[in-house]
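Visitor: I have a structure I would like to understand better, so I am pasting it below and will then ask my questions one at a time.
The values are calculated or read from the model by the stated rules, or taken from the named source; none is laboratory data. In this text, all values refer to a predicted model and were calculated from it rather than measured experimentally. Here Cβ is always computed from backbone atoms with ideal geometry, including for glycine, and neighbour counts include all displayed protein chains. Just the protein is used for accessible areas: all its heavy atoms, side chains included, with ligands, DNA and RNA removed. Shrake-Rupley method; radii C 1.70, N 1.55, O 1.52, S 1.80 Å.
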Amino acid sequence: MFKVFFLALFSAFLWGNSVLAVELPEEAAAQVESEIYAEIDSVDSIGVDRNIIFSGASSESISDGALRFEWHFGDGNRQEGSEVVHSYAQAGEYAVTLTVRDPEGREASVSKTIFAFSKSFVLVSTVTDEDEKLLGLVTTAREQGIYIDLLSASTHSGFLEEEELRRQLLEKISSLENTEDLLIYTSGTSGLTVLSQLQESLGDEAPFKGKNVIFISEHSLGAMENIARGVYSTIQSQQIVLTRPEALWVLLEAENVLELTQILEERGIEYTVVDKHLEIRPWNFLSVLVNNMLSHGVPTNTILLVLMLPIIATVIAFMKQVVGLNTLGIYTPSILSLSFIALNLWYGLLVFVILFLVASLARSLLHRYRLLYIPRMAIILSISSFAILLVLFLGSLFDQKIDQLAIFPILIMATMVEKFVTIQSDKGMKNAMRIGGEVLLVAMLCSLVAQWNILEIWVLGHPELVLLCLPFNLFLARWAGLRLVEYIRFREIIHHIEE
C-alpha cells in the first residue's frame, strides 16, 4: 500500500513539473511582449490641410539602444521618427499606426483613429429632451466630414444653469479658440448671456473675436435681439445669428454663414442677424442698463431675480386682494418663491414641508415644559438644522446638486419656521396648516410665473415691461369688491339677497 502511494505521489510530482515546463515559455513570452510597448500622443481631430503633430516619445523598451519609429497615417503616407508632422488633404477618418522596434529585434504596434474635418463647430446645449436629435446631428455631420464638439449641461435648477455652462466652457476654452463657429441651443437665454460672463472672466483673451455665433431658440427672436446686442458688444464676435431649430441641419449644407442666411431665406426659416450695438433711446433705457451689466459679467440669474421681484410682489398682491388667500404679507411668500427658484420647485417644496413638520413636532414636544419663547425657538431652530442635514443627504441620494449659493435659501426657510410656530401657538395646528398651505400655494404660483421661459426672455430683453406692475398695483390698491374666496364663503347669504 505504501509503495502504491509513493508511486502515485512521484507521478503527480513529475506531472506538475511537466505542466510547469510547458507554462514557463508562455510566461516568458508574455514578459518579452511587455518589455516594449508603443504609444501615440496627438489630438483626436484636425482640420483638413492643417498640420498635426504625432509623438511616440512615450513609447518604451528595456533595451538601452535607440528605438526606431515607423508611422503609417492611413492615407498611403508613411514617415519615420519619434515625432512627425502630417496633414490630411481630404476629410474623413484615418487609422494611424505606429510601430516601434528596438535594437534587439523586439517590436510593438499601436493604432489610433484621427478625424480630419472640412469645418468644425462647438455646439452648446441645455435642451435635454433633444439629446437624441443632437447626437444624430453629430453623427451625420461626422459622415459629411464636419466636426461638432457637443457640450451639454444639465442641472436640476434653471437658476444654476448659467453657472454650469460657464464652468464647462472654461474647461473647453481651447476648443472655443480653435473652432470656426459657435452654435448655442438652450431653452432660455443662458447659453447666450454666459458668453459675456466668460469673456469678462478671461480678461484680455478673446476666444469669440471674429467668430460667428449662431443662437438657436424656439422663443421670440424679437425679445432675444436686445439681449444679443448686449452680448455682441462684449464678446467682439463678427456677428450673432438668431434662428430656429430647423437651421441646425441647414448648417451641414452651408459653407459659411452668408450661405446659411441665404438658405434660411429661401426656405422661409426665421432668422435675425445682430451685428451692431444697442443704441440708447428714451423707451429702452432699462434695456441698455441691463445689457451693460451683462457685458460686465453680472450673472443673468441675478438680474432676473431683481427684475422678477416686482412681478412676484404683484402676483402676491393679486392673490391677496382679488382671490382672498392668506399670504402673511409680502415678505414670506416672496422669500419662499425665490427659494423655490434657486433650489428647483419640487426640491424646495420638500425642504419646506420637512422643516414645517419637524418644527411642528418639536414645538408639541416642548409645549409641556413651559419654556420661555426665545430659548424655545432656539431649540426648535437647532433641531431644524439637523433636518436640513437630512434634506442635503436626501438630495445627494437623488443626485440633486446643491450649489454653494443655494444653501442660503434653505437657511432662510429654516429661520421662517419661527413665524409658523408662532401661528400654531396663537391659532392652533389646524389654522396654521391652512394658512401655511395658502402661503405655500401662492409661493409655488409665483415661482412658476417667475420661471416661465417666455416671460424671462421678454423681461430680460425688454425690462421696461416691469414698469407695468406699478399701474396694476395702483388698480389693486383701490380694489373694493368682494374677493373670490368670499364669494364662496358667503354664497348662501348672497343667494338669499338675490332672492
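Visitor: Filter segment 294-314 down to residues that are among the β-branched types (V, I, T) and open to solvent by less than 30 Å² (accessible area, probe 1.4 Å), then give me how many there are.
Guide: Total satisfying the criteria: 5.
Visitor: With respect to the numbered conditions (1) under 24 Å from T415 (Cβ atoms); (2) modelled with pLDDT of 85 or more; (3) in a helix (DSSP H, G or I); (4) not aromatic (F, W, Y), which one is the sole condition not fulfilled by Q321?
Guide: Among (1) under 24 Å from T415 (Cβ atoms); (2) modelled with pLDDT of 85 or more; (3) in a helix (DSSP H, G or I); (4) not aromatic (F, W, Y), Q321 violates only (1).
Visitor: Six or more apart or on different chains, Cβ atoms under 8 Å: show the pairs whose first residue is in segment 478-490 and farther than 9 Å from G324 by Cβ and whose second is at pLDDT 75 or above and open to solvent by less than 100 Å² (accessible area, probe 1.4 Å).
Guide: Pairs that qualify, where the first residue is farther than 9 Å from G324 by Cβ and the partner is at pLDDT 75 or above and open to solvent by less than 100 Å² (accessible area, probe 1.4 Å), are W479/Q321; W479/V322; F490/L482.
Visitor: Let me ask another. For segment 222-247, give me the residue count where each residue is modelled with pLDDT under 85 and either under 17 Å from H296 (Cβ atoms) or within 22 Å of the chain's Cα centre (by Cα) (or both).
Guide: 12
Visitor: Run T327 past the list (1) open to solvent by 20 Å² or more (accessible area, probe 1.4 Å); (2) assigned to a loop (DSSP other than H, G, I, E, B); (3) at negative phi and report the number of the one that doesn't hold.
Guide: (1)
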